[in-house]
Structures are given as C-alpha cells and as structure tokens.
Amino acid sequence: MTNDTASTGTKRPASEPAVAALTEKNLPEAARIIRFAFGTFLGVPDLDTFWTDRDYAFGRHRAPHVAAFGATLDGKLVGSNFAINWGSVGFFGPLTVLPDLQERGIARALLARTMEQFDAWGTRHVGLFTFAQSPKHIALYQKHGFYARFLTALMAAPARRAQTQTGLTRFSALKKTQQEAALRSCRDVAESIYPGLDLAAEIRTTQAQGLGDTVLVEGAGGLAAFAVCHYGPKSEAGADTCLIKFGAVRDGPSAERDFLRLLDACEALAVAVGMPNVLAGMNMAHEQAYRLLIERGFRTAIQGVAMHKDNDPGYCRPGVYVIDDWR
Ligand SMILES: CC(C)(COP(=O)(O)OP(=O)(O)OC[C@H]1O[C@@H](n2cnc3c(N)ncnc32)[C@H](O)[C@@H]1OP(=O)(O)O)[C@@H](O)C(=O)NCCC(=O)NCCS
C-alpha cells in the first residue's frame, strides 16, 4: 500500500488518501482508530482497554452541527476528523490516523477538507486543542494557519456539593416551550461573550443523544450562565466523570459571582447523576476564571495548548468566564 521515495526520504502512500464524509458503516473502525492513535501516542500499555469508556465518533457523527470526515486508502478507513460548528466559532477534533500510516500526509488531507468546511460555514474564529509538547502537532497545524496561544488546562475536582443556593435547573426537566426559551437565553449569554457564538445545537444533541444535560443559572436580568455537561460512559466524559464541555457566564458586573454559582450547579449535577468527579477545560487566557478554579480545589490533570487560526484571540481574553477545551 505504501512506497518509500528514496529521492526525498519521505514516505508517501502509493495512492493518495481519499477524504469524504465519514459513513455510519465506518464508525466502529473510526472509534477504534481514535483509541489506538491516542493510546499509541500516549504510550499506554494496553490499547484494547484504553478509552473504552468514552466516545467521540458516534456522538459527533450523529450531531447535526458536526461534519465528520474519513480518510480512506484503497477503500479502507485510515483516519478521521470532526469539524464542530458553534455558530461564528468552530474547532475540530479528534483528528487521528492509524499509527502504522502516520507521517504520510493523511492528516494533511483530512485537515485540508476540514478547513474547506469552515470556509463553507463562514466560521469566523477557528481553533483547536493539541499537545503542547509535540513539535509535530504544532508544525502540522501551523501549516494550516494556526498559531499556538495560551495553554488550556483540563482540571478536575471531586464532586461533593449536592446543593446550590437557588436549586438546580436542568434543561432536560423543562417543557418543550421552556426549552426553546432556554435555548434563546443561552444564545444571548454566549453572544455577550463573542458575537455569533451559539451552543444551541450542542445543547440539543447532548439532550437528544442522552450524553448528558445542560444546567441553567438564573440571575436578576434573566439567564446568567449555562453549562453543557457530558457524563459517564458512552459520552465524551468517560466513566465517573462529569465533563463541562462548554460553560459560559453572561458578561457583566456579576460575572464572577455567577461563575461560582455555575460551578455549584455543575457540581450538583455531577452528584445528582452519580459522578464523583468534575472535569473542566480552562484556557489560561481567562485568568480570573482559571484562578477561581484553582481556589475551588480544581487541579490540572492534563495540559495542552489552544491554537487559533490567524492568531485571532477570539473570546480567549481576561474577564471572560468560559469553560471549554476544544477537544
Ligand atoms: C497527529 C496525527 C493526526 C498526524 O497524522 P499524520 O498523518 O502523521 O500527519 P501528516 O503526515 O499528514 O502530517 C505531519 C506533518 O508534520 C510534519 N512534521 C512531523 N514532525 C515534525 C517536526 N518535528 N517539525 C516540523 N514538522 C514536522 C511532517 O513533515 C508532516 O508535514 P508534511 O506533510 O508537510 O511533510 C497523528 O500523528 C495521530 O493520529 N496522532 C495521535 C492522535 C493525535 O495526537 N491526534 C491529534 C490531536 S490534536
């Protein structure tokens, strides 16, 4: 399937990879490649049991706001990538290639298609999360116009507090009409942080696929904050974990207080659904929010770097209370 080109010293596949929409039929293999690619990179001893408690392929493929791509060589799936549409903001991942076939331009082909997708959507701010210590990863993304900016810390804390001051409002518990109103309010909150940032599809698909729930925190002027959370096996969180996939607080004078209330709500959700840990991704550009997580006892489990297309800061700036990690 491959040939070595002695003249250039670089290995290239005999045939170029074909990149197209990832098919339902290929999802089990895509999921296996994701586990094996990351497991190999991280040097885990047993690939067969690595990340069997979490899913990226099926959930993202089924999400209407995600475009999933597969790379094939001679008809066989060898890698995949997922582009996520949050309105004016987009990110991609997990990008993976079969370990045996890496360094032959397969990720490059997948990335080229992914970037076309963001162009087609007209995404204004595009980013990704990657391994800060890997020259290869940084170089690969740099070739597509991404710049390494702040570190993103994936921070964990035990879930203990079951109570919040005002009770726990869960999106799933609302009636249909209330859910529509809540989605509009979540758009307003996100809009206060970055024009056009829209998590409605993420909230809907999390609920529809049973991957988790969204907590809503009310304030004096309407919805003050919300967080889309995944929890448990088959979601992106994994066993025993409530992952805050995206959390945001309405910009304004009460933002810091509302952020603490949002953390209370996420923790209460974790307790309610039997998850002993909360995991939150924090871009260190959000310096106040990062400090508050540390003060609340969150400790960094994994650290990576956010890369932004054209070095555009987007919403990664001080004074913004957002939790997300773009994985
Ligand atoms: C990251 C990953 C997707 C890359 O896939 P790949 O098919 O090996 O990547 P490609 O061969 O298309 O591109 C790698 C590029 O990096 C370049 N590169 C590699 N090491 C480099 C270095 N130290 N400095 C500069 N460039 C480097 C290669 O030359 C190549 O560029 P080229 O195509 O212009 O020659 C793959 O290694 C993988 O699946 N890793 C495990 C999972 C993972 O980490 N996913 C990404 C998470 S953000």
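Assorted remarks:
- Within the range 119-155, tally of residues that are assigned to a loop (DSSP other than H, G, I, E, B) and not polar (S, T, N, Q): 7
- Selection within the range 117-133 - aromatic (Phe, Trp, Tyr) and away from the ligand (no atom under 11 Å from the Cβ): PHE118, TRP121
- Qualifying residue in the range 189-200 (condition: within 20 Å of GLY90 (Cα to Cα), of a type in the set (A, V, I, L, M) and part of a loop (DSSP other than H, G, I, E, B)): yes
- Candidate set: the range 95-116, residues that are under 13 Å from PHE41 (Cβ atoms) and either touching a strand residue (DSSP E or B) at 6+ places or on another chain (Cβ under 7 Å) or of a type in the set (A, V, I, L, M) (or both); chosen: the one farthest from the ligand (Cβ to nearest atom): LEU98
- Single residue of the range 16-35 satisfying the filter (over 19 Å from the mean Cα position of the chain (by Cα) and not charged (D, E, K, R)) that is farthest from LEU73 (Cα to Cα): PRO28
- The condition of being of a type in the set (Val, Ile, Thr), exposed (fewer than 13 other Cβ atoms within 10 Å of the Cβ) and more than 16 Å from the ligand (Cβ to nearest atom) holds for only one of THR164, THR177, that being THR177.
- Filter pass, LEU211 being farther than 25 Å from GLU287 by Cβ and either crowded, with 22+ Cβ neighbours inside 10 Å or of a type in the set (Gly, Ala, Ser) (or both): yes
- Selection status of ALA67, buried (at least 23 other Cβ atoms within 10 Å of the Cβ), under 16 Å from the mean Cα position of the chain (by Cα) and under 21 Å from LEU27 (Cα atoms): yes
- Residues (of a type in the set (A, V, I, L, M, F, W, C), part of a helix (DSSP H, G or I) and surrounded by 15 or more Cβ atoms within 10 Å (Cβ to Cβ)) located in the range 28-53: ALA30, ALA31, ILE33, ILE34, PHE36, ALA37, PHE38, PHE41, LEU47
Read-outs: derived from the displayed coordinates by stated rules, not from any lab. Here the structure is a predicted model, which is why all the values come from computation and not from measurement. All Cβ positions, glycine included, derive from the backbone under ideal geometry; neighbour counts span all protein chains shown.
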